Amino acid sequence: MSSDMGTIRLAGVVRESIVDGPGIRYVIFAQGCPHRCKGCHNEATLDFTGGKETEIEELVMDIGKNPMISGVTFSGGEPFSQPEGFVRLAERLKERDFDIVAYTGYTYEELLELQKEDVNMKALLENIDILIDGRFILEKRDLHQQFKGSSNQRYVDMNATREQGGIVVLESL
């Protein structure tokens, strides 16, 4: 888990991706995941003790080096297992006008319940533009769904959801 020193435990990063959200994205892979989805394509990210502690400011500086980056994607592992570190990172990225896409194995509704116990979880949700939610279900795997692994997963427009006070799900990105 993240510490008070401004770090996040990461499995790694991809500095330029076109498969993890719209545009050219910098992708940050959280280390650790409680979901253990059958057929997970990031099994190396499951162990909470794996990966390495990475300074949040180091990530912000690295992202800022590439003017082609249109946004940042939080993937995993499970970013919501480290809400304190990821909210600090999200707030710094928002200061620089990056949009944020986050993948989570939780559903939006589950995150609403979890945020009642953790103010960082709530703050993280408030800084995300698009949430791709739901556990990967191998039996619902669909290679035709852009940016999603299985058909049960949703694109939640977090800005519209906050504005309208109810979940707004997009058909595509």
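β-branched (Val, Ile, Thr), modelled with pLDDT under 95 and closer than 11 Å to ARG9 by Cβ: does that describe THR54? When the stated conditions are applied, THR54 does not pass them. The single condition among (1) in a helix (DSSP H, G or I); (2) more than 17 Å from the chain's Cα centre (by Cα); (3) farther than 25 Å from ILE18 by Cβ; (4) not small (Gly, Ala, Ser) that MET61 does not satisfy is (3). Only one of the listed residues (THR73, THR54) is under 18 Å from ILE132 (Cα atoms), touching a strand residue (DSSP E or B) at 6+ places or on another chain (Cβ under 7 Å), outside any loop (DSSP other than H, G, I, E, B) and among the polar types (S, T, N, Q). That residue is THR73. A search for C-beta distances below 7 Å between a residue of region 72-83 that is under 15 Å from GLY12 (Cβ atoms) and any residue that is of a type in the set (Phe, Trp, Tyr) and assigned to a loop (DSSP other than H, G, I, E, B), counting only pairs 6+ apart in sequence or on different chains, returns VAL72/PHE98. Of all residues in region 76-104, exactly one satisfies the criterion of being small (Gly, Ala, Ser), under 17 Å from PHE147 (Cβ atoms) and modelled with pLDDT of 95 or more, namely ALA102. Do we have any residue at all in region 24-38 that's over 30 Å from VAL168 (Cβ atoms) and outside any loop (DSSP other than H, G, I, E, B)? No; the residues of region 24-38 include none that is over 30 Å from VAL168 (Cβ atoms) and outside any loop (DSSP other than H, G, I, E, B).
All of GLU55, GLU16 fail the test of being among the acidic types (Asp, Glu), in contact with a Gly (Cβ under 7 Å, 6 or more places away or on another chain), in contact (Cβ under 8 Å) with a residue 24 or more places away in the chain and farther than 18 Å from TYR155 by Cβ, apart from GLU55. If only residues of region 13-51 that are loosely packed, with under 12 Cβ neighbours inside 10 Å and either of a type outside the set (Val, Ile, Thr) or touching a strand residue (DSSP E or B) at 6+ places or on another chain (Cβ under 6 Å) (or both) are counted, the one that is farthest from GLY85 (Cα to Cα) is LYS38. For beta carbons closer than 8 Å, sequence separation of 6+ or different chains, a first residue in region 100-124 that is under 27 Å from SER17 (Cα atoms) and a second that is in a strand (DSSP E or B) and among the aromatic types (Phe, Trp, Tyr), the qualifying pairs are ILE100/PHE74; VAL101/PHE74; ALA102/PHE74; TYR103/PHE74.
The test for being surrounded by fewer than 22 Cβ atoms within 10 Å (Cβ to Cβ), assigned to a loop (DSSP other than H, G, I, E, B) and among the small types (Gly, Ala, Ser) holds for GLY166.
The values are calculated or read from the model by the stated rules, or taken from the named source; none is laboratory data. Computed from a predicted structure; not experimentally measured. Positions of Cβ are generated from backbone atoms using ideal geometry, with glycine treated the same way; all protein chains shown enter the neighbour counts.
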